[in-house]
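A quick write-up on the structure given underneath.
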Amino acid sequence: MYIDTHAHLDFDAFDEDRDAVIQRAIENDLIAIITIGTSVETSRKAVELAESYAPIFAAVGIHPSDCQEATEADYHEIEKLSRHEKVVAIGEIGLDYYKMYTEKPTQMAAFKRQIALARSVNLPIIVHNREAHEDVYQTLIKEKATEVGGVLHSFSGDADFLKRVLETNFFISFTGGVTFKNTRGADELVKQTPVERLLLETDSPFITPAPHRGKRNEPSFVVFTARKIAELKELPVTELAARTTDNAKHLFALNV
Ligand SMILES: [Zn+2]
């Protein structure tokens, strides 16, 4: 049994067949999917999906690429949504120095205030990090994000950064990128991450694992990523699935 801890089910890539995608996930042994907000609008949709389907849970937050125009009212709305019974995390939040759709100080302010929100409502955080490793790490420590914990999703960075993150209580998740022929070193990072700190995710509709690379990603494809990670960890896939599912249930307090 699997849990996809990071999908964007509200994105328009799923408008034609969202219900079929969710049913397919259930048929493929997924017992939960966390659908992730990136703005007020997508956070609202994430909560609506969680209200409509028992195995779906929501994370609410404003993504670093979407926070340039965010207003006080928007942050207030995120806080309101965060108190919904099916909201299990604040996210995705973080820093993106690769796309740089938002100036660094604005990204940093958004990241800090949403860590503060997570601490005030006692929810873990889902962290987006692109080429901002040092600032992400320092901010997690200084803002005491370790009080609530969370996950560095779609993990990127080198072995040294991974080592430092593993010294905190944060979890690590890798996407379908680990199934590619050229994993850009991700396979080594998987090997260095203890199973008790791993979560599974798809980041649907993006980063589709082999053998479906090139197509739209969906939660049921988490199985392919799990198989590859199990191979790298030299574990039966059933055991990898059971242990990462336990990790996710515990971190997000999922009642499944
Ligand atoms: Zn995402």
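Taking the alpha-carbon distance from residue 215 and a cut-off under 16 Å, which lysines remain once sequence neighbours fewer than 8 residues away in the same chain are dropped?
The qualifying lysines are none; the list is empty.
Name the residue, out of 27, 167, 79, whose mean-square fluctuation peaks in a Gaussian network model built on the chain with Cα pairs under 10 Å.
Maximum among the listed residues: 167.
Between 70, 59, 230, find the one with the highest GNM mean-square fluctuation for the chain; connect C-alpha pairs within less than 10 Å.
Highest fluctuation among the options: 70.
Ignoring ligands, DNA and RNA, what percent of the 1.4 Å accessible area of the chain is carbon and sulfur?
Percent of accessible area from carbon and sulfur atoms in the chain: 47.
What number comes out for accessible area per residue over the stretch 2-251 if the probe is 1.4 Å? Units Å², please.
43 Å²
Roughly speaking, what is the stretch gain from residue 238 to residue 255, that is 0.36 nm per residue apart minus the C-alpha to C-alpha distance, in nm to one decimal? Show your work: numbers first, answer last.
Working: separation 17, 0.36 × 17 = 6.12 nm, distance 2.06 nm.
Computed gain between residue 238 and residue 255 is 4.1 nm.
May I ask you to derive the FRET efficiency for residue 52 and residue 166 from their Cβ-Cβ distance with R0 = 41 Å, giving the value to the nearest 0.05?
0.65
Students often forget the sequence filter, so: which lysines lie under 22 Å Cα-Cα from residue 104 once same-chain residues fewer than 8 apart are removed?
Counting by Cα, and skipping residues close in sequence, residue 104 has these lysines nearby: 112, 142, 144.
How high is the FRET efficiency from residue 134 to residue 191, r the C-beta distance, R0 22 Å, rounded to 0.05?
0.40
What distance in nm lies between label points placed 7 Å from Cα along the C-beta direction at residue 80 and residue 109?
It works out to 2.2 nm between the two label points.
With a 10 Å cut-off between alpha carbons and a GNM built on the chain, which of 102, 71, 202 moves the most?
The residue that fluctuates most here is 71.
Using Cα positions and a limit of under 16 Å, work out the lysines in reach of residue 86, with same-chain residues fewer than 8 apart set aside.
45, 249
The values are calculated or read from the model by the stated rules, or taken from the named source; none is laboratory data. Predicted model only: the values in this text are computed from it and were never measured. No Cβ is skipped: glycine too gets one built from the backbone with ideal geometry, and neighbour counts run over all protein chains shown. Surface areas here come from the heavy atoms of the whole protein model, side chains and all, with no ligands, DNA or RNA. Shrake-Rupley method; radii C 1.70, N 1.55, O 1.52, S 1.80 Å.
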